[in-house]
Amino acid sequence: MSSRKKLIAGNWKMNKTASDGAALVSELVATIGKQTDVEVVLCPPFTGLESAAKALDGSTLKLGAQNMHFEPSGAFTGEVSAPMLRALFTTHVILGHSERRSYFAETDALINKKVLAALKNQLRPILCVGESLAERESGATLKVVQTQTEAALEGVAKDQAASLVIAYEPVWAIGTGKVATTEQAQEVHAFIRGLLTKLFTEPVAQKIRILYGGSMKPANAPELLAQKDIDGGLIGGASLEARSFVELVKAAAAVV
Ligand code: 13P
């Protein structure tokens with residue numbers, strides 16, 4: 001059993017209006033809003049942050065964004081900055097999601113700037129890394145994960161590193177119903193823990209949560225969450241309904 005508190009984060013992606021999101025948050029607050037065994041972070045689209053923040057006020061649930069710009073302000077039409085997120089009581093921000101990398105051409109260098117900006121503004125990055133199907137089939141998984149992790153974390157100070165969260169999301173498992181086997185996931189998570197040890201020392205690496213993401217559902221979560229280096233989940237589809245998300249939080253609480 002590890003000393004790391006499990007973390008379940010819901011990535012709503014481009015789903016739910018502000019009012020639909022607030023309704024879901026209210027349902028979650030009613031069922032899991034007081035529990036403290038598991039850290040729970042909800043990541044609505046930008047337009048849903050304010051209403052979600054109001055709906056979860058006074059509960060133990062936390063708020064995350066799905067992206068941000070690395071500059072604090074300026075002429076960047078359409079973008080949102082870390083201080084703006086902080087002003088809406090956001091504590092976490094997903095960075096480098098594979099959908100941002102593939103549809104919006106985000107590079108490791110850009111993601112690195114965002115990670116550093118998030119930390120500077122006391123936002124906890126949830127840094128996503130993971131290989132494509134072609135990369136897995138050609139045996140490049142660990143190399144890809146290493147490159148993405150090291151590049152994104154360049155310049156992160158050791159004393160800031162414990163607030164990082166890493167999400168291993170094999171691209172081929174996202175929204176496909178294909179989940180990595182527990183062995184495949186644990187292998188990569190342990191590898192990432194090794195990289196973090198080299199970058200930040202063993203005691204710091206032991207504090208960093210490494211989440212699994214990619215078709216995680218109540219049915220497959222218990223086995224994944226029981227693995228030594230799997231510290232929680234970054235949930236897409238199953239985070240859009242209270243029932244499945246609550247079941248995932250309960251599954252995480254059960255392995256604490
Ligand atoms: P799914 O859970 O829908 O596969 O999405 C995973 C994901 O991309 C979370 O960031």
#### Entry: For peptides 229-240, 79-90, sequence by mean Cβ density within 10 Å, most packed first
229-240, 79-90
### Query
Got a sec to turn the phi values of segment 207-221 into Karplus ³J(HN,Hα) couplings, 6.51 cos²θ - 1.76 cosθ + 1.60 with θ = phi - 60°, whole Hz, x for Gly and Pro?
8, 7, 7, 10, 8, 9, x, x, 6, 6, 9, x, 6, 9, 5
### Query
By how many nm would the segment from Arg4 to Gln206 grow when fully extended, if each residue of separation counts as 0.36 nm and the alpha-carbon distance is taken off?
71.9 nm
## Note on the structure
Taking placed amide H atoms and a strict 5 Å upper bound, the residues 5 or more places from Glu106 or on another chain that come that close are Arg101
### Query
In this model, which of Lys5/Lys54; Lys34/Lys143; Lys16/Lys143; Lys34/Lys113; Lys16/Lys113 are farther than 32 Å apart at the alpha-carbon?
Lys34/Lys143; Lys16/Lys143; Lys34/Lys113
### Query
Between Thr197 and Glu247, what is the FRET efficiency for a Förster distance of 41 Å, r being their Cβ-Cβ separation, to the nearest 0.05?
0.80
### Task
With only Lys, Arg, Asp and Glu charged, each at its Cβ (+1 for the first two, -1 for the last two), find how big the charge dipole of segment 1-87 is about the Cα centre; round to the nearest 20 debye.
300 debye
### Task
List the residues whose amide H sits under 5 Å from the amide H of Ile94, counting only those 5 or more places along or on another chain, with H placed 1.01 Å from N in the peptide plane.
Ala65, Gln66, Asn67, Ile126
### Task
Mean Kyte-Doolittle of at least 1.0 plus a Cα span of 15 Å or more along the axis: flag which DSSP H helices in the chain meet both, please.
18-32
### Task
Please report the base-10 log of the normalised intensity I(q)/I(0) for the chain, using a Debye sum with one equal scatterer per alpha carbon and no solvent, at each q in 0.13, 0.16, 0.18 (1/Å).
-0.76, -1.21, -1.56
### Lys pairs, segment 150-256 - Cα-Cα below 17 angstrom, 8 or more residues apart or on other chains
6
### Task
Would you pull out the residues with amide H under 5 Å of Gly10's amide H, same chain only if 5 or more places away, H placed 1.01 Å from N?
Val41, Leu42, Cys43, Ile235
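A short reminder: the numbers here are calculations on the coordinates, not readings from a lab. Computed from a predicted structure; not experimentally measured. All Cβ positions, glycine included, derive from the backbone under ideal geometry; neighbour counts span all protein chains shown.
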